[in-house]
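J.: What follows is a single structure, and I will ask about it in a moment.
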Amino acid sequence: MLTIKNLRVEYPNGKKAVNGVSFELSPGENIALIGANGAGKTSLLLALVGILVSEGEISVGGTVLEKKTLREIRSRLGLVFQSPDDQLFMPTIYDDVSFGPRSYGYSEEETAARTNRILTDLGIMHLSGSSPLKLSGGEKRLCAIAAVLATEPEFLLFDEPTAFLDPRARRQLASTILSLPQGKIIATHDLDFAQKVCSRAIVLYEGKILANGDIGLLSDEQSLIGMGL
Amino acid sequence: MADLVSSLKDLRVLEGLAAKNSVIHRLHPFAKLSMALSIICFSASFGRYSFAQLSLYLFYPFIMMALAELPYSVLLPRLAAALPFCLFAGIANVAMERTPAFYIGSIAITFGTVSLMTIMLKMYICVMAALIMVATTPISDLSAQLRRLHVPGSFVLVFEITYRYIGLLLEQALSMATAYRLRSGDRKALLMRDMPSFLGQMLLSGFDRAERVYAAMQCRGYAIDHIRQSKKKLKTADIAAIGLTLALAACGRFFIFW
């Protein structure tokens with residue numbers, strides 16, 4: 001279980017990016033995090049992995065995020081960044097996917113086994129020797145997901161996963177996400193995509209939770225307009 | 001812009017060479033680092049007129065290139081990048097030191113010329129030693145060995161981030177250059193008046209992006225205190241290679257007199 005209690009993130013200029021957010025994510029559950037630009041979606045995800053300093057409590061399976069557990073928490077929460085270009089920094093896709101296991105000190109054999117398994121599972125083994133610079137947007141996105149999956153996280157956090165994707169790549173991404181067993185938080189503006197892959201929606205507005213309920217709430221256009229979307 | 005494209009392509013060539021499997025590639029990274037450092041330190045210790053003695057050190061790049069099966073066509077252009085600096089430093093000596101050191105037939109070779117040749121030779125040996133090490137050792141292994149040698153973590157961090165980030169920065173420069181070209185009547189080069197804002201924007205957006213890349217590395221377990229420690233142990237061949245290099249380098253430095 002991923003538990004977030006009264007989470008607050010404040011920028012150096014005093015602006016509250018996240019203001020008292022609390023919710024839980026169960027294993028296998030998919031939550032859509034919806035909100036206008038600047039609502040605090042990305043800040044929330046970055047706070048969950050300890051990149052942004054936050055107040056409140058974040059715990060994964062009972063382990064509370066603090067300085068000494070940061071490394072463990074990061075191995076249990078996999079964050080897929082909005083832009084795969086920021087995430088794929090190694091010369092080849094194989095090197096990039098194996099970066100996580102290597103950083104966590106797995107043996108070369110274990111690292112190779114995990115990397116090959118993930119690349120095969122996601123159907124991108126043919127890209128293993130390619131440079132990230134030469135891939136399409138959809139391919140980059142899959143490679144970024146593979147890079148995160150290589151550390152076998154318990155929960156996945158996606159920041160705008162459909163950004164820059166064509167309809168075909170979006171469909172492929174939706175089926176990939178649905179095939180992954182981990183619990184997921186998917187921050188997105190893409191309401192159709194959210195309805196396809198998530199069972200619950202949380203709407204953020206100016207850093208606070210405005211609505212938290214069944215994904216069906218995204219079907220009510222009047223409510224969405226009322227929530228600033 | 002063509003330069004940016006070719007820089008982007010060239011950037012990963014050395015990393016590609018490091019993935020080969022020659023007798024040198026199979027040596028322990030610590031052995032390769034020690035060999036390169038010993039050659040660099042010994043050759044740097046020579047005096048400014050020790051051209052003949054220093055020329056013995058040419059054995060190192062020659063033998064290593066052959067054993068590692070590295071193409072000169074890849075390393076020599078990179079060596080050429082350091083050439084102007086050394087030439088500039090040495091050319092002043094030619095003008096300043098005009099006393100003849102020896103004669104070849106009736107041509108006087110001055111101390112300044114000997115000094116210039118020594119500087120060039122030092123540059124060749126030192127830069128080639130470093131290039132050979134990088135072209136035969138993956139960067140992650142080099143970082144691990146630097147940490148093992150107690151090089152400060154912040155230095156290794158900067159080294160790793162710079163290496164990983166440089167390709168992304170070039171890619172960004174390329175897309176900015178394309179945008180500039182499209183809105184400047186297909187001008188091929190940047191106008192001097194646009195240079196400050198172009199470079200300023202690149203620096204600012206590059207800084208933001210560097211932070212995001214570092215965040216992505218942290219999210220996947222990267223921490224300077226946890227840089228992977230190689231579990232590979234030194235073998236007899238590694239120790240022999242270090243010993244042989246040190247012995248030959250020391251002989252060339254201390255026991256062979258001309």
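The values are calculated or read from the model by the stated rules, or taken from the named source; none is laboratory data. Model, not experiment: these values are computed from the prediction. When we count neighbours, we look across all protein chains shown, and the Cβ atoms used for this are built from the backbone with ideal geometry, even at glycine. Surface areas here come from the heavy atoms of the whole protein model, side chains and all, with no ligands, DNA or RNA. Shrake-Rupley method; radii C 1.70, N 1.55, O 1.52, S 1.80 Å.
J.: Any residues in segment A:49-83 that have 40 Å² or more less accessible area with all protein chains than in their chain alone, probe 1.4 Å, and which are they?
T.: A:Ile51, A:Arg71, A:Arg74, A:Phe81
J.: Looking at segment A:15-132, what % of the alpha carbon pairs are farther apart than 23 Å?
T.: Here the tail beyond 23 Å accounts for 43 percent of pairs.
J.: Right, something else. Testing the spin-label approximation: label points 7 Å from Cα along Cα→Cβ at A:Ser136 and A:Glu57. State their distance in nm.
T.: About 4.7 nm, to one decimal.
J.: Now, a different point. What list of ³J(HN,Hα) couplings, whole Hz, do you get for segment B:154-171 from phi and the Karplus terms 6.51, -1.76, 1.60, once you set θ to phi - 60° and write x for glycine and proline?
T.: Computed from phi, the couplings for segment B:154-171 are 5, 5, 5, 4, 4, 4, 5, 5, 4, 4, 6, 7, 4, x, 5, 5, 5, 4 Hz.
J.: What does the convex hull of the Cα atoms of the protein assembly as shown come to per residue, in Å³, rounded to a whole number?
T.: 192
J.: Something else about it: Roughly how many Å is it from the Cα centre of segment B:29-71 to that of segment A:97-137, as a whole number?
T.: Result: 36 Å between the Cα centres.
J.: Another question about this same structure. What whole number of Å gives the distance from the Cα centroid of segment A:159-180 to the Cα centroid of segment A:50-80?
T.: Segment A:50-80 and segment A:159-180 have Cα centres separated by 26 Å.
J.: Which whole-number percent gives the relative contact order of chain A, counting Cα pairs below 8 Å spaced six or more residues apart?
T.: Across chain A, relative contact order equals 29 percent.
J.: A follow-up question, please. Using protein chains only and a probe of 1.4 angstrom, how many square angstrom of B:Cys251 are accessible, to the nearest 10?
T.: 50
J.: Order the peptides B:156-167, A:200-211, B:88-99 from the highest to the lowest mean number of other Cβ atoms within 10 Å of their residues.
T.: Those peptides, ordered most packed to least, come out A:200-211, B:156-167, B:88-99.
J.: Dividing the convex hull volume of the alpha carbon atoms of chain B by its residue count, what do you get in Å³ per residue?
T.: Roughly 181 Å³ of hull volume per residue.
J.: Something else: Provide the per-residue ³J(HN,Hα) series for segment A:4-17, in order, calculated from phi with Karplus coefficients 6.51, -1.76, 1.60 and θ = phi - 60°, each as a whole number of Hz, with x at glycine and proline positions.
T.: 3J(HN,Hα) across segment A:4-17, in whole Hz: 10, 10, 6, 6, 9, 10, 10, 7, x, 7, x, 6, 8, 7.
J.: Using only protein heavy atoms and a 1.4 angstrom probe, determine the accessible area buried between B and A, summed over both sides, in Å² to the nearest 100.
T.: Protein heavy atoms only, the B-A interface buries about 2200 Å².
J.: For the pair A:Gln195/B:Val151, report the inter-label distance in nm, with labels modelled 7 Å from Cα in the Cβ direction.
T.: My value for the distance between the label points is 5.6 nm.
J.: If the cut-off is 23 Å between C-alpha atoms, which lysines fall inside it for B:Lys122, apart from same-chain ones fewer than 8 positions away?
T.: Cα-Cα hits under 23 Å: B:Lys32.
J.: Calculate how steeply helix B:59-68 sits against the longest principal axis of the alpha-carbon atoms of chain B, using the helix alpha-carbon long axis, and give the answer as 0 to 90 degrees to the nearest 10.
T.: 50
J.: Give the cross-link partners of A:Lys16 among the lysines, using a straight C-alpha distance below 28 Å as the criterion and excluding same-chain residues fewer than 8 apart.
T.: Leaving aside lysines fewer than 8 places away in the same chain, those within reach of A:Lys16 are A:Lys5, A:Lys41, A:Lys67, A:Lys68, A:Lys184, A:Lys208.
J.: List the lysines whose Cα lies under 17 Å from the Cα of A:Lys134, skipping any in the same chain that are fewer than 8 positions away.
T.: Correct list for A:Lys134: B:Lys9.
J.: So, with a 1.4 angstrom probe, what is the percent of accessible area on segment B:147-226 that is carbon and sulfur?
T.: It is 66 percent, rounded to a whole number.
J.: Quick one: Debye curve from the alpha-carbon atoms of segment B:147-226 only, equal weights, vacuum; give me log10 I(q)/I(0) at q = 0.14 Å⁻¹ to two decimals.
T.: So the normalised log intensities work out to -0.60.
J.: Taking θ as phi - 60°, what are the ³J(HN,Hα) couplings along segment A:27-32 by the Karplus curve (6.51, -1.76, 1.60), each to the nearest whole Hz, with x for Gly and Pro?
T.: Here the 3J(HN,Hα) series is x, x, 8, 10, 10, 8 Hz.
J.: Another question, if that's okay. What angle do you read, to the nearest 10 degrees and between 0 and 90, between the alpha-carbon axis of helix B:139-148 and the longest principal axis of chain B?
T.: Here the helix axis deviates by roughly 70 degrees.
J.: By per-residue mean of other Cβ atoms within 10 Å, what is the highest-first order of A:41-53, A:166-178?
T.: A:41-53, A:166-178
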